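Have a look at the structure below before the remarks.
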Amino acid sequence: MTAIEVRNLSVSYGEYSVLRDFSLTVEVGEAVLIQGPSGCGKSTLLHAICGLIPGVIDAECSGEVLVFGELVQTLSVAERAKRLGIVFQNPETQLFCDSIEDEIAFGLENICTPRDEMARRIDEMLKLTDIEKYRFASPKELSGGQKQRVVLAAVMALDPKVLLLDEALSQLDRRGKGMLREQFSQLRSEGCTMLMVDHDDELVSIASRIINL
Amino acid sequence: MTRKLQRTVRLPDPRVVFALAFVLSSFAVVIRGNLWLMIGLMAVSLLCAVCIGVDFRQMWRRLRRLLQLLLIVSILRSVFAPSGTILLELWGVQILTVGGIQIGALVLLRLGLFITSGAMFTCYSVRVLIQGMVQIKMPYELAYMVSVGVRFIPQLAEELKDSLTALQLRGVVIEELKLKKKLSLYTYLILPVIVSSMQNAKELAMSMEMRAFRAERNRTSFYALSLKPSDIVMLCGILAFTILMGVILIVGVDIF
């Protein structure tokens, strides 16, 4: 079954063209890594897949992005969040709550999850990302790697069908990268569909297919 | 459970503090010309702030410069609005008068009341305040907007500080610059800092949207506030205080 299908996608910011007639298919259970130098349009591709382009980000866009057979632009915000989870580069701009627990609960509250179910999901995510002891800590007290694990927990709490990683390791130190890579490997071994973009070889070991942009 | 949360549990419900701050700041605006009533209101406000646990030492450290500025503003207000008995006159110009001092003191107390009312919220975590706002039927989008906005200010200050440090590392001694050059330096700095903050805000918005923010008209909440009997007693006290103040203002009872 096809999880993501990108058909002839072209994106440009004003006169600056980033992607031209790009096509991609990601099957369920695959872990695709897209590599390329900075500025080649890796993040733009993920933004378009998430439906942030056009809309939230000003850009001219043509082509189609289908997520599980449906055009991403026609999906509701809730439906999009349930199908696609994305971890961006900078953990600082993805965390905004007072505690880790609140951070994980945020998405679940938005999709009107009942309180008991929320408690169960939070426990599960804390365990999955091995941050149980930080449950009531503020994200400010954590290291870069730990913060990115909190982001991962918050994203995975919504149980997305596809996990997108936008250079998720790029701002971490060696230890942080190691911790997070381990986490991604675990998700991969559990059959999670992943689409990763990176400018170096950090995630090669996790990928089942590599595409150079 | 962390110390911060334990402390939050002992505090009154944030809705009580919303009511209190609303009443105090409303009366601070409404009261005109009655210095003793304003002093009484300030005393009540300080007492409440102490009971809630406002850290005045930290407040002083943060707001020292602003308070000094407020003091100067009130002195100027007293100088430029002379009335009543003259206390100091130089070259035929009334510098200090009893009426002027009263007006200056009223301005100072009014601003002090706003600061004290705002300071009460610093005892609560942002999450608790948001939940309070949501439970008084404020749209949750607005409550989150407030919370994100609150975070935005220190971030802006931090970035400005970083840019200033970067400039100093390149050999610019800001202290030695003349005021005109200092001002032009700040105008050069502010633009990139604002652009960078806007970029961060955009990334935050994308992250929130991808976690289904505003997906539904309403949202559930993992954390819920419930009014304790002591909160209800406090709310009744605030209501009684409001009625008493209203009577004093409307009937004009001169209790002082």
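The values are calculated or read from the model by the stated rules, or taken from the named source; none is laboratory data. Computed from a prediction, not measured in an experiment: that's the story for all the values here. For neighbour counting, all protein chains shown are included, and Cβ atoms are generated from backbone atoms with ideal geometry for every residue, glycine included. Ligands, DNA and RNA are stripped out before the accessible areas are found, and what is left, the full protein with its side chains, is counted by its heavy atoms. Shrake-Rupley method; radii C 1.70, N 1.55, O 1.52, S 1.80 Å.
Of the residues making up the stretch B:207-236, those that are open to solvent by 40 Å² or more (accessible area, probe 1.4 Å) and under 26 Å from the mean Cα position of the chain (by Cα) number 10. Checked against (1) touching a Leu at 6+ places or on another chain (Cβ under 7 Å); (2) buried (at least 22 other Cβ atoms within 10 Å of the Cβ); (3) part of a helix (DSSP H, G or I); (4) of a type outside the set (D, E, K, R), A:Leu187 passes all but condition (2). For the stretch A:58-76, a residue qualifies if it is in contact (Cβ under 8 Å) with a residue 12 or more places away in the chain and on the phi < 0 side of the Ramachandran plot, and the qualifying residues are A:Asp58, A:Ala59, A:Glu60, A:Cys61, A:Ser62, A:Glu64, A:Val65, A:Leu66, A:Val67, A:Val72, A:Gln73, A:Leu75.
Taking the stretch A:113-125, which residues are more than 7 Å from every other protein chain (Cβ to nearest Cβ) and over 19 Å from the mean Cα position of the chain (by Cα)?
Step one: filter the stretch A:113-125 for residues more than 7 Å from every other protein chain (Cβ to nearest Cβ), giving A:116-117, A:119-125.
Result: A:Asp116, A:Glu117, A:Ala119, A:Arg120, A:Asp123.
The set of residues from the stretch B:96-126 being open to solvent by 50 Å² or more (accessible area, probe 1.4 Å) and either among the hydrophobic types (A, V, I, L, M, F, W, C) or not in a helix (DSSP H, G or I) (or both) comprises B:Leu96, B:Val98, B:Ile101, B:Ile103, B:Leu108, B:Leu111, B:Phe114, B:Phe121. Scanning the stretch A:30-77 for residues that are farther than 20 Å from A:Ala168 by Cβ and outside any strand (DSSP E or B) yields A:Pro54, A:Gly55, A:Asp58, A:Ala59, A:Phe68, A:Gly69, A:Val72, A:Gln73, A:Thr74, A:Leu75, A:Ser76, A:Val77. The set of residues in the stretch A:88-123 being in a loop (DSSP other than H, G, I, E, B) and among the small types (Gly, Ala, Ser) consists of A:Ser99 alone. Looking for something touching a Pro at 6+ places or on another chain (Cβ under 7 Å) and surrounded by fewer than 20 Cβ atoms within 10 Å (Cβ to Cβ) - is there at least one such residue anywhere in the stretch A:131-146? Yes, because at least one residue in the stretch A:131-146 is touching a Pro at 6+ places or on another chain (Cβ under 7 Å) and surrounded by fewer than 20 Cβ atoms within 10 Å (Cβ to Cβ). Against the numbered list (1) under 16 Å from the mean Cα position of the chain (by Cα); (2) exposed (fewer than 14 other Cβ atoms within 10 Å of the Cβ), A:Ala157 comes up short only at (2).
Residues are listed down the side, and each one gets a yes or a no for (1) within 7 Å of chain B (Cβ to nearest Cβ); (2) surrounded by 18 or more Cβ atoms within 10 Å (Cβ to Cβ); (3) of a type in the set (Asp, Glu); (4) touching a helix residue (DSSP H, G or I) at 6+ places or on another chain (Cβ under 9 Å):
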{"site": "A:Cys61", "(1), (2), (3), (4)": "no, yes, no, yes"}
{"site": "A:Val67", "(1), (2), (3), (4)": "no, yes, no, yes"}
{"site": "A:Phe88", "(1), (2), (3), (4)": "yes, yes, no, yes"}
{"site": "A:Leu95", "(1), (2), (3), (4)": "no, yes, no, yes"}
{"site": "A:Asp98", "(1), (2), (3), (4)": "yes, yes, yes, yes"}
{"site": "A:Ala105", "(1), (2), (3), (4)": "yes, yes, no, yes"}
{"site": "A:Ile111", "(1), (2), (3), (4)": "yes, yes, no, yes"}
{"site": "A:Lys127", "(1), (2), (3), (4)": "no, no, no, no"}
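Could you run through the stretch A:69-85 and say how many residues are β-branched (Val, Ile, Thr) and either open to solvent by 10 Å² or more (accessible area, probe 1.4 Å) or touching a Ser or Thr at 6+ places or on another chain (Cβ under 8 Å) (or both)?
Keep residues of the stretch A:69-85 that are β-branched (Val, Ile, Thr), which gives A:72, A:74, A:77.
Next cut, either open to solvent by 10 Å² or more (accessible area, probe 1.4 Å) or touching a Ser or Thr at 6+ places or on another chain (Cβ under 8 Å) (or both) only: A:74, A:77.
Count: 2.
Of the conditions (1) more than 30 Å from B:Arg217 (Cβ to Cβ); (2) part of a helix (DSSP H, G or I), B:Val172 fails just one. Which one is it? Just one mismatch for B:Val172, condition (2).
Pick from B:Leu169, B:Leu249, B:Leu227: which is more than 14 Å from every other protein chain (Cβ to nearest Cβ), within 30 Å of A:Ile111 (Cα to Cα) and not β-branched (Val, Ile, Thr)? Before you say what the answer is, go through the steps one by one.
On the way: B:Leu169 fails: within 30 Å of A:Ile111 (Cα to Cα); B:Leu249 fails: within 30 Å of A:Ile111 (Cα to Cα).
One residue alone meets the criteria, B:Leu227.
Within 14 Å of chain A (Cβ to nearest Cβ), out of contact with any Phe, Trp or Tyr (no Cβ under 8 Å at 6 or more places or on another chain) and of a type in the set (A, V, I, L, M, F, W, C): does that describe B:Val150? I'd like the intermediate steps shown before the answer.
Numbers: within 14 Å of chain A (Cβ to nearest Cβ): yes; out of contact with any Phe, Trp or Tyr (no Cβ under 8 Å at 6 or more places or on another chain): yes; of a type in the set (A, V, I, L, M, F, W, C): yes.
For B:Val150, the condition - within 14 Å of chain A (Cβ to nearest Cβ), out of contact with any Phe, Trp or Tyr (no Cβ under 8 Å at 6 or more places or on another chain) and of a type in the set (A, V, I, L, M, F, W, C) - is met.
Screening the stretch B:1-93 for helices (runs of 4 or more DSSP H) wholly inside it with 2 or more residues that are within 14 Å of chain A (Cβ to nearest Cβ) and open to solvent by less than 60 Å² (accessible area, probe 1.4 Å) returns the ranges B:3-10. Somewhere in the stretch B:24-32, is a residue under 16 Å from B:Leu235 (Cα atoms) and more than 14 Å from the chain's Cα centre (by Cα)? No: zero hits. Annotation note: of B:Glu159, B:Glu203, the sole residue that is at pLDDT 85 or above, surrounded by 15 or more Cβ atoms within 10 Å (Cβ to Cβ), among the charged types (D, E, K, R) and more than 16 Å from the chain's Cα centre (by Cα) is B:Glu203.
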